[in-house]
Structure formats: structure tokens, C-alpha cells
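Okay, here's the structure, questions in a sec.
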Amino acid sequence: MAVIPLERKTLSLAERTYVPQILSGLKTTFKRLLKPAETMEYPEQRPAIPPGYRGVPTLVRDPHGREKCVSCQLCEFVCPPKAIRITPGEVPEGSGREHVEKGPQAFDIDMLRCIYCGLCQEVCPEEAIFLQNQYSMTGYTREEMVNHKDRLYELGGTLPDAHFKWDKKKVAAEHGNAH
Amino acid sequence: MIDFWSSLHPVVQGLIKGLAVIMVIFPLAGACSMAERKVSAWMQGRPGPNRAIVPWFAWIPFVGTFLQRLGVFHLMADGAKFLFKEEPVPGHVNKLYFALAPAIAMMPALTTVTVVPFGAYFNSAGEAIPLVLANVDVGLLAVFAVSSLGVYSLILAGWASNSKYPFLGGVRASAQLISYELSMTLSVIPVFLWINAPGTPGTMSLAKVVEFQSLPGFWGGTWFVFLMPLSAFIFLVSLFAETNRQPFDMPESEADLVGGFHTEYGAFKWSLFFVAEYSHMIVGSGVFTLLFFGGWNPLPWLPLADLVGWLHHATHAAWTLHPLFVGVLSLGIFLGKVVALIFIFMWVRWTVPRFRYDQVMKLGWQKLLPLAIANLIFYALAIALIQKSA
Amino acid sequence: MIAPTKPDLVTVNIDGKEIAVPKGTNVIEAARLVNVDVPHYCYHPKLTVVGNCRMCLIEMGLPAVDPATKAPVMDPATGKQKINWIPRPQIGCGTNVSPGLHVRTTSPMVKDAREGVMEFLLINHPLDCPICDQAGECKLQEQSTGYGRGYSRFVEQKNVKPKRTQLGPRVTLDDERCILCSRCIRFSKEVAKDDVLGFIDRGSYSTLTCYPGRQLENNYSLNTVDICPVGALTSTDFRFKMRVWFLKQTDSIDPESSTGANTVVWSREGVIYRITPRRNDAVNDTWMADSGRVLYKQVKADTRLTAIKVNGADSALDMAIHSAAELCKAGRVAIVGSGRSTVEEQFLTRKLAAALNAPVSLVSRVGQGDKLLISADRNPNVRGALVTGLIAALPAPRLAELGAAIDAGTVTTVVSLGEDLAAAGLTAAQLTKVSVVYLGTHANPTSAAAKIIVPTLTVFEKSGTFINQQFRIQKFLKAVPGPAGATDDLVVLAKLVTAAGTAIAASEVGPLWKLIAAEVPALGTMTFANLPDTGLLLDATPYAALPFAEGETLHYKPAARPAPATA
């Protein structure tokens, strides 16, 4: 490791007594004392949430109100604090969505563990999980702080879908357009 | 009333005085802590504590809201919290000394108050009678003697806590307080050299110092801060160090010692240390006011007696000469100065960063002490010359 | 100069590295020896080579010789023999080594060829990875990451094929994902000898299917799932249960017969999700039976014992041990050991028998071998009982001797090590005559009749060793923790032995092996930690005279049986 000797600035006598510096500091703080507060009084005043804010992770539905998550568990895998826990399941025959084959039976996000990193959103191949503008989570018990699947969908709502990937697959399967 | 007071048994008198000290100092210390929170908040661009309110006060329009915004109810909430919190006593401490330390901290803090005069009234002969609980002639010496005992509580707390950070805090406290006491004592000697001319009966009374600052004439009415600015400066700096206030709060030093000597303390025991610190600050400010800021004299070259005389002259009202009015007036003036000083304490705390420990020691021994000695020598010579010529 | 160092070894040069390999090795295997990966789908080391995926294309060349004089042609630039590179890529799986063969696996031509093959394979492959069970162990994923071109030029519609075909009771086929490697077909034909699978139709219509009217239902059908390089064949049992990247792999042994097939137990957070075979070329190659893959279900079975009982009341371990010791002291004891116990447990059982001076019988489980991986003896560790000296002769069927002793009143207490005595041959009447101490995992008529029940662990919850029919000692490791209330068999046995009067210090596999090595000559040089993953073959000659029940299975031929002394 290289040692770089630095010349210290020699202090003047006034500086060595600290007094002028302390006085100028006192001036600064006194000026500040007379100015209005900078802070926001939280429960009454709420911050404006900018777009792209990483709030509580939620599950979203497509514009037809259908579940987008296919429980691939990539978010569970990528989650650094292991906050996500998914129980995968099969989509039952006759539900109209059996061509998706797989969907979450249970989807729990432990908000006591979540660090709001957004990796789950980034990794999701189905664009089913989004960190939205909800930022305030409270609860009296640990159990309350775990968002279950229904709560996640309630928080998430519906987001526009540019692809409708599974609809295209269904159409392809019904019309057999390849052959 | 005074007769009734005099007819009471001295022990009862003492008890009442002691109770009065507790009743006054505790709320004052609490108010100081509140003020500290508010001042720091304003300096940092925050509103500060502004939530707690007693329901009945909430019904009062404007005033209730104002008091709430000012945070005065947080003071009560804090007090109640300290009283009712669980008292944690860590398993590894020396229980007796651990419990003793806060009590010992309180003793000098409250005792010094008794010898500090806080006002004056004029008797029928026109003499100023200082308002003081115990008008001892050793005055300042008593203050120094008793308040320096306060360090024992810090050492005891640090030692009894039986863990590293409190121990370091205690060690630092002892070294620091001893170092700065020297400069402090030396810095006030010129004041007493000034008031104790050869041939006059010697005194260390603080009231006498004020008396000297109320004398007529240019030199007489000069507050000692103008006469001996260097003494005042050294005394003020040492006062900061003696009261463990920023930038000298080495014994606590949250950044490196967690909480210093009181790391292991909580709830009421901790609040006693807290109150002790603030009462030291109040007493220190009081002593400083008496020594250098003219005590209860409203302005330099304007003694209390003149003010009362003007008031009487302007109003022709008899009550302006009543001892009670004069006492309250002088008390108000005195308290105003003390409060201003306390504000300066806080102002400095939220402005200046903490010194390093080696800087504290260096400053104390290598800067302040030589300066105090030089100051003393200079004033000793100067006063000798002046008094010889006079 | 390249020359074979031994008559059966051939020196080849792969990416500049020279290695001598046996004759007949193909380039993929030779490359593997020098840590060069040749990607492949259809090639499987235990199946015949067909070369239909074309993924393993490599560039190869041979040393040049003058056609007229047969003299080596030297390259003046390097001073070495000139290499004639074949201008077109060759498949690595179908190319056997020959002397002086030069192979390039990283040349631009090979890279081009791989990217081309990958692109064609991915044309009709659905983007199913998020819902595909193979994701994480999918060769197509790995190879397209390693060797693919990274983006698709295919703008047309993908093929649509059936997504959820049940090929059999345990195997689900997703035709869209199939890359037509034919591994499953070859496996069924060559290994399972149940030729039910095949391709029908041509070109992009090609589909894997079963022979009409038949199903893929043999006991080895799930091996097709294992060898399927993509997610086309999936296990119906494991389907959508858990992603493989979450699963912890623990080496284990299939306990269903004395074959001792090597397995891997896949678990997550104490829950087993599946069991797959582990390659051991001397025992089970890369296969295992379907029946062994569902054994993990016994771990969470409803009949699992989880409470220590003394006379029907809940108790604590030390109380139960105390009561058992009292029972054993009070009467004449017989021990029913188990061929399902580990070597360590059998060793402690022998100690217990010695301490109590009790006769030991083993429960015999002889069934039909399937000539592949299920042998006739369904006890995984009868050889262990022989080696540790727990028994000297093979167990007699139906516990006849013990039954007779009970009837005669010479036995009043039976200690059963996980064996259901009723199923093993004792009658209900005989069971009521004796006090039973039952150390087992699941409830059965014996546990119902037992005076003392101490729940113990299944194979998946403990470590230990089995000695298989080849006298190969193989270890398995603890995959998941046991349920609350169950105690390790070794702890229970060690406490029982101590309570019976012989102090045993060790109740864990590691320390116990020091005792075993000291007392069992055949295992004298071993420690548990040192046992290789593929097992260690013991000397079988001391037991050559015993009439073992096993017939021929994969990698096992029974010794010529001596004529039985008596009929």
C-alpha cells in the first residue's frame, strides 16, 4: 500500500484557537434556527410517489383479470433475503387456463424480510410481480406482515399487458397454425 | 411572613429549602432537556417534538395547539416515562454502587444550588440583601468544592457498570474534570483579587461579586466580562468541559463509547444523571452570570437599585419598592441571563463537533492552563498597580 | 511421435492435449477425460449411439501419410507430422478414437455447427422454461447458454403439439418440448427390455408415442424422465412440485432390495421431493426402479410413529429405555434384528444380543428378482448382518424358530428392530404371549401389540451403510431431519446396550465406526468418512457357502451355488 504524505495546511493563530471557526459555525446554526423546518409531517402530509418507485412487491393480473404468475419460483430463487415463498400447483383442467399448466397455490411475501430490492420484478419472466407505490406496511403480529396471495393481488391490481403470451399460445393450439 | 419563616425550626427550614430546590431544579432540568430538543430540531430544520398533548389542553383553541406544537407535553410524557419504565439492572454490575452512582450525581448538583444567590431585595436601609438559600461566605469556593464531587458519580457509574464503555467513560470523566477544574479556578481568581482589596475583610461570596458590579461609576458598574474578558472566556470554556457538554462530552461520547459512563443505565437512574447534568449546567450558568454578567443587574452600568428607583420615579407606586416585587424582578433578570446562557450551551452543542480525547487533554493542559496562569499573573500585577496608585 | 503406449490404449490429441484412452472410446468420452466438454443430447454413455441430435459435432483430422509410400508427411513449419483435417464436422459420439486422431472442439467451424444445431433445435421448442420442470437441469438450457447464438431469427409460428400426454402411470409427455433424441426409446428397448416407445410421422410432425394399446408402465419408466435431456418427459409425481435448483442433493442407497442401487435424495428444508439414480457403473449404471423413487413418501406417512410409548402411555426416551431394560432383565429375551438395519445398527444389535445373551433372528424377505435392479432378496443388508456377525446363517422364513420358542415359553420378551413380527410370521396369539419392545418407524400390528415403542428414523433421516449382494459396502447420508419424537436408531440401541450392562460410548456413525473397525475384521481398515461414494467391495469368500437367494441382476452374477446339503 502506497503511503502518500500530505502536507497539512498550516493553521493561523486565529484558526488554532478554534474561536473564529466556532463563531462562524454558530452563525450558520443560528441562521438555520430562524428558517422554517424542511421536513414533512408524515401522517398528515404524504410524499408524492415518483414513477418507478420500489414499494411493496405485489402480484398483478392481466387486463382480463387473469393471474399472470405461473409459479416459476425464479423470484423465490433470486430473492436475497428469502422473503418469497411459493407453493406451486397445477392449473386444473376445465378452468379455461389449463394451457398455462402451472400457477401458484400459495404465494407468500414476508414483508419483515423484504428489502425492496426489486430483483423479483426484474427476474419475473411473466411480468407478474411489480414493486408498486405502496410504501407503508404495518401490523401487530409477524403473521400480519406476511402478504399472502389474495392480499398480493389486492395490492397489485391490474396492469396493462403488451404480449398476452398465453392467449397466443391458446389460439395457436386451437387452430394448429403450424401444420 | 419573614417572622413566621424565622420562627420555624432550622431543620424544618432546611427541609423546605431542600424540597424547594428539588421542586425547582427537576422541572427546570426537564424544561432544559425539552428546550434542547426543540433548539436542536430548529437548528436542523425539523419541527422537533410536537405530538404529545393532554386531552383537556387539546380543547383549548390556539393555546392548546401552540403548546402542543411547542412540545411542552413531551416534557411530562418523558418524565412519566422515566418514572414508570422498567428499571433494568444488568446482571454483571456491582449492584450497590450501580444504584449509588445516580444518587451521588444528584447530591452535588442540588447542593450547589443552595449557595448560588438568584436575586436580591432592598431592606429598609437600602442595602441589597441577596436571595440565597444558604448565604455562606465561602460562596464560590463552596460551589467549586461541591460540584467537583460530581465526578465521583461518573467514576462510580463507570466502574460499577463493570463493562468496557462505561469504564472508559468514567476514566475520561475523571481526567477531564480534574484538568479543567484547574483552569476554571485560576480564571476566577482575578475577580476576587479585584473585590478583595487589602485591608477589607476578605470574601468569596458571590453576592459580593454582584455587589461590586452594581457600584456606581464607570469602573464600578462595569461587568467583569468587560473588565476581564480572558477570565470570562477561560471560565466559559472550562464550564463547558466541567458540565460534560459538547464539544467536551468525552464521558458520554456516543460516537465511540455508546453512552459512556451511563451505557448500562436506564429509566429513572439514567434520568437522574440527565437531571444532574442539566442542573450543573444551570448552576454553572448562574455562577457565570454572577461573576461576569452582573448577576441581577439589568444592564452594564445600570444596577438593580437604579432600575427600581426609576420605576418608582415613573409610577410613584409604593409596590415598586416592596421587597417582594424587587425580589421577583431581580430573579427575573437573573433567570433571563441564565436562560440566555443555557441557550448558548445548546447552540454550541448543536454547532461544534466533539473534540478528540487527546485534543481535550491538550487543550486543557497545554492551552487553557498556561493561559489561565498568564491571565492571573497579568491581573495580579495590574490590580496591585491600580490599588497601589489608588 | 504419437504411438500407443499400451496395446489397448490409443493416444489422441484433443484441443492440443494428448491423452491415451482405451480403444473403442468415442470422442465425447475421450474429451471428458481431458476436461473438454462436448455438448450432446442423444448420446448417453449407457445406451447405444445413434447420432441423431448432431450437437456433438467436432472437427477431426488424422496424421497425413504419403499415399504412395505410406511415409509420414511432415509439416516443415512445426517439424511434426502434418494433420489432414477433415473439411466437414463429424459427430463426436459416433467417432471412435484411432491412433493419432486430432480433435478440435473450439474451432470456428465447430462453433458454427453448434450454433446451427442449437438454432434448429430451438425453432420449435416452446418458451416454457417458467413452467417447465426440467428448468435448471435442462440440457437445452445449458447448451443454448453455452453454445447457442443468443437470439432467434425464427419469425414464423412454432409447431403446436400435444402438451400433456400421459405415456404411462408415472410419466407425462410434453411433445412440443421433445427434441427427438430417442434416448427414452433406446432405454426402453435396451435396458428396460420393454419396447413400447417410438417416433411416428416425419419431419416436424415427428412425435414420440407409445405402441398402440400399450403404456410406458414398466418399473423403470421414470428413468426415461431422468435421461430426457429436455422437459419432454416429466415425472407425474414430481410435476410442478418444486424447482430443482432449490433442492439439496444427498447421496443415498435404494433400500428396497439387496441390489443397493445408488440414489440421490432431493430435498428442501426437510421435505423430500424426489429420488433419482446416482451413477455407479459397478452397481446400477445410471438407473433405478420406479418403486424405489416413491419410498420417500414413507417419511411423511400418516402411520409414522412419533411418540415414545410405554404400556400405551406417552413417555420419555430414558424412561422407555429403563422400562425396556427392566423387561429384558425380567424375562428371557429374543431379538428380531433386521436386514433393513444399517451395518452400524446391526453391530449394536449384536452388542445388545451379547449383553442380554439373547438369540437373534432376522426376517427373511425373498421375492422375485426382475433381473435388472430388483434382486430376489428384498432386505438391503442381510450381508451386513453376516459381516458384523449378527447372524451366521441366512434367515429362515417366517421366524419359525422364534415362534416355536414363544409357544414353548422359553422367550418372554421380544425386541424387534423395525420388523413387523405379525407380517414376518408370528401369530397374534404368539404376540400376546410376549412383551414386545418395538423400535420402528411406522405403526403396524407389532407396534400395536408392543409394550414399549421407540420411534426411530427412516433411511432418509439417518446416515449409515448397507452391504449389497456383491458384498459392496455403500454409505448413505442423512437427507432430512427426522420428525419430532423420533430418535436415531443408533442412540436407542446404544442406550439399550448400556442399560443392559455393556457401556457403549458411541451413538453416532463416525465414532461408532472406530468400534466397528476394531471388532469386525472385515471392516477393520475403514472409517465412515473414508468410504468412497461408489462403495467398497468386501471379500465375499467366507460366505461363499451360503445359499443366497439372489438371481442374476445388472452387474451381479450369483456364484455357482453349492448343492444344498439337505433338501
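No lab work stands behind these numbers, since they all come straight from the coordinates. What you see is a predicted model; the values in this text were computed from it and never measured. For neighbour counting, all protein chains shown are included, and Cβ atoms are generated from backbone atoms with ideal geometry for every residue, glycine included.
For n ≥ 4 DSSP H runs only, could you compute -39500 (n - 2.57) per run for chain C, divide by its residues and tell me the 222 nm figure to the nearest 500? The partial results should precede the final answer.
Details: 15 runs with 126 residues, N = 567.
Helices in chain C give a 222 nm mean residue ellipticity of -6000 deg cm²/dmol.
Mean projection of the alpha-carbon convex hull of chain C over all orientations, in nm²?
Details: hull surface 131.0 nm².
The number I arrive at for chain C is 32.7 nm².
What chymotrypsin sites (Phe, Trp or Tyr not before Pro) does the stretch B:99-136 have in DSSP loop regions with at most 11 other beta carbons within 10 Å? Could you put the intermediate results ahead of the total?
Values: sites: B:F118, B:Y121, B:F122; in loops: B:F118.
Filter output for the stretch B:99-136: empty list.
Regarding the stretch B:95-389, what are the three Cα extents along the principal axes, ordered largest first, in Å?
Here the spans come out as 64, 43, 35 Å, largest first.
Ranking request for peptides C:59-67, B:183-191: highest mean number of other beta-carbon atoms within 10 Å first, then the rest in descending order. Walk me through the intermediate numbers first.
Working: C:59-67: 16.1, B:183-191: 22.8.
Those peptides, ordered most packed to least, come out B:183-191, C:59-67.
Place a +1 charge on the Cβ of each Lys and Arg in the stretch C:309-543 and a -1 charge on the Cβ of each Asp and Glu, then give the dipole magnitude about the Cα centre in debye, rounded to the nearest 20. Walk me through the intermediate numbers first.
On the way: 19 positive and 18 negative charges, 41 e Å.
It works out to roughly 200 debye.
Take every Cα-Cα distance within the stretch C:129-298, group them into 5 Å bins from 0 onward, and report for each bin the whole-number percent of pairs it holds.
For the stretch C:129-298, the pair-distance distribution reads 1, 8, 16, 20, 20, 16, 10, 6, 2, 1, 0.
Give me a single rounded figure for A:72-79: the average over its residues of other chain Cβ atoms within 10 Å of their Cβ. Please list the in-between numbers first.
Values: counts 7, 7, 5, 0, 3, 4, 0, 0.
Going residue by residue through A:72-79 and averaging, the value is 3.
Net charge near C:G116, counting Lys/Arg +1 and Asp/Glu -1 over other residues with Cβ under 12 Å of its Cβ? The partial results should precede the final answer.
Values: positive: C:R54, C:K111, C:R114, C:R149, C:R153; negative: C:D112, C:E115, C:E119.
Around C:G116, the surrounding residues sum to +2.
Moving to a separate point now. Once amide H atoms are built 1.01 Å from N in the peptide plane, which residues 5 or more positions from C:V436, or in another chain, come under 5 Å H to H?
For C:V436, the qualifying residues are C:V414, C:K451, C:I452.
Given springs between every Cα pair under 10 Å in a Gaussian network model of chain B, which of B:W301, B:W310, B:W347 has the largest fluctuation?
Largest GNM mean-square fluctuation: B:W310.
With Kirkwood's inverse mean 1/r over C-alpha pairs for Rh, give me the Rg to Rh ratio of the stretch A:66-165, two decimals please.
Values: Rg = 13.7 Å, Rh = 14.3 Å.
My calculation puts Rg/Rh at 0.96.
Over the stretch A:1-159, consider all pairs of different Cα atoms and compute the Kirkwood hydrodynamic radius from their mean reciprocal separation; express it in Å, one decimal. Each step should come with its number before you reach the end.
Working: mean 1/r = 0.0499 Å⁻¹.
The Cα-based Kirkwood calculation yields 20.0 Å.
What does the extension gain come out to for C:Y151 and C:M74, with contour length at 0.36 nm per residue minus their alpha carbon separation?
Numbers: separation 77, 0.36 × 77 = 27.72 nm, distance 4.35 nm.
Result: 23.4 nm gained on full extension.
Report the label-to-label distance for B:L15 and C:T541 in nanometres (one decimal), using points 7 Å from each Cα along the Cα→Cβ vector.
With each label placed 7 Å out from Cα toward Cβ, I get 10.8 nm.
For the stretch B:305-363, which trypsin sites (Lys or Arg not before Pro) pass both filters: DSSP loop (anything but H, G, I, E, B) and at most 15 other C-beta atoms within 10 Å? Could the numbers behind the result be given before it?
Values: sites: B:K337, B:R349, B:R354, B:R356, B:K362; in loops: B:R354, B:R356.
In loop regions of the stretch B:305-363 (DSSP not H, G, I, E or B), the sparsely surrounded trypsin sites (Lys or Arg not before Pro) are B:R356.
Within the stretch C:242-284, name every residue whose backbone N is under 12 Å away from a label modeled 7 Å from Cα of C:R32 along the Cβ vector.
Under 12 Å, as judged by backbone N against the label point of C:R32, lie C:279-281 of the stretch C:242-284.
Can you sort C:L537, A:L131 by how many other beta carbons sit within 10 Å, fewest first? Mind dumping the intermediate values first?
Working: C:L537 13, A:L131 21.
The most exposed by this proxy come first: C:L537, A:L131.
Let me ask something else about it. For the stretch C:163-231, which GluC sites (Glu not before Pro) pass both filters: DSSP loop (anything but H, G, I, E, B) and at most 15 other C-beta atoms within 10 Å? Write out the running numbers ahead of the final one.
Numbers: sites: C:E176, C:E190, C:E217; in loops: C:E217.
Hits after loop and neighbour filter: C:E217.
Around C:P89, under 14 Å between beta carbons, what's the net of Lys plus Arg minus Asp minus Glu among the other residues? Kindly include the intermediate steps, with their values, before the conclusion.
On the way: positive: C:R54, C:R88, C:R104, C:K111, C:R114; negative: C:E59, C:D112, C:E115.
Residues near C:P89 contribute +2 overall.
List the extent of the Cα atoms of the stretch A:58-105 along each of their three principal axes, largest first, rounded to whole Å.
The principal-axis extents, from largest down, are 37, 22, 12 Å.
Among the helices of chain B (complete DSSP H runs), which have Cα atoms covering no less than 20 Å along the helix axis and a Kyte-Doolittle mean of at least 0.0?
Working: long enough: B:10-43 (47 Å, 1.17); B:95-114 (30 Å, 1.26); B:164-195 (47 Å, 0.92); B:267-292 (37 Å, 1.20); B:323-349 (38 Å, 2.06); B:369-389 (30 Å, 1.63).
What comes out of the filter, once short or polar helices are dropped, is B:10-43, B:95-114, B:164-195, B:267-292, B:323-349, B:369-389.
Using all alpha carbons of the stretch C:9-106, what is the percent of pairwise distances in each 10 Å bin, ordered from the shortest bin to the longest?
Bins of 10 Å from zero give 16, 46, 29, 8, 1 percent of pairs.
For the stretch A:4-35 and the stretch B:293-318, what is the centre-to-centre distance using only Cα atoms, to the nearest Å?
Comparing the Cα centres of the stretch A:4-35 and the stretch B:293-318, I get a distance of 40 Å.
For the stretch C:483-559, what's the relative contact order in percent, using C-alpha pairs closer than 8 Å and at least 6 residues apart?
On the way: 37 pairs, mean separation 11.6, N = 77.
Here the relative contact order equals 15 percent.
In whole angstrom, how far apart do the alpha carbon centroids of the stretch C:289-331 and the stretch C:457-481 sit?
19
Take the Cα atoms of the stretch C:309-543, build their convex hull, and give its volume per residue in Å³. All intermediate terms of the calculation are to be shown ahead of the outcome.
Values: hull volume 28.5 nm³, N = 235.
Looking at the stretch C:309-543, the number lands at 121 Å³ per residue.
Given the rule -39500 (n - 2.57) for each run of at least 4 DSSP H residues, summed and divided by the residues of chain B, what is its mean residue ellipticity at 222 nm, to the nearest 500 deg cm²/dmol? If you can, show how the numbers build up before the last one.
Details: 19 runs with 263 residues, N = 390.
For chain B, the value works out to -21500 deg cm²/dmol.
Given a cut-off of under 8 Å on Cα pairs at least six residues apart, what relative contact order in percent is computed for chain C? Working shown, then result.
Numbers: 1156 pairs, mean separation 60.3, N = 567.
Reported as a whole number, the value is 11 percent.
Cut-off is 10 Å between beta-carbons; in what order do C:I185, C:I200, C:I467, C:I516 appear when sorted fewest neighbours first? Present the calculation step by step, with values, prior to reporting the outcome.
Details: C:I185 19, C:I200 10, C:I467 30, C:I516 25.
Sorted ascending by nearby Cβ count, the order is C:I200, C:I185, C:I516, C:I467.
If each residue's Cβ is checked for other Cβ atoms within 10 Å, how do A:H148, C:H442, B:H262, B:H74 rank with the fewest at the top? Intermediate values should be presented prior to the final figure.
Values: A:H148 13, C:H442 16, B:H262 28, B:H74 22.
Ranking A:H148, C:H442, B:H262, B:H74 by Cβ neighbours within 10 Å, fewest first, gives A:H148, C:H442, B:H74, B:H262.
Run a plain Debye calculation on the protein assembly as shown (Cα atoms as equal point scatterers, no solvent) and give log10 I(q)/I(0) at q = 0.05, 0.07, 0.08, 0.10 Å⁻¹, rounded to two decimals, same order as the q list.
Cα-only, vacuum Debye calculation for the protein assembly as shown: -0.66, -0.90, -0.99, -1.24.
Now a separate question. Among A:25-37, B:370-382, C:145-157, how do they line up from the highest to the lowest mean number of other beta-carbon atoms within 10 Å? All intermediate terms of the calculation are to be shown ahead of the outcome.
On the way: A:25-37: 13.2, B:370-382: 15.8, C:145-157: 11.2.
Highest to lowest by the protection proxy: B:370-382, A:25-37, C:145-157.
Which log10 I(q)/I(0) values does the stretch C:281-439 give at q = 0.08, 0.10, 0.15 Å⁻¹ under the Debye formula, counting every alpha carbon as one identical point scatterer?
-0.27, -0.42, -0.91
Would you kindly work out the equivalent ellipsoid of the stretch C:352-471 from its C-alpha gyration tensor and give its semi-axes, the square roots of five times the eigenvalues, largest first in whole Å?
Values: eigenvalues 120, 55, 47 Å².
Square roots of five times the eigenvalues give 24, 17, 15 Å.
Further, regarding this structure: Starting from the eigenvalues of the Cα gyration tensor, five times each then square-rooted, give me the equivalent ellipsoid semi-axes of the stretch B:57-156, largest first, whole Å.
Details: eigenvalues 230, 190, 14 Å².
Equivalent ellipsoid of the stretch B:57-156: 34, 31, 8 Å, largest first.
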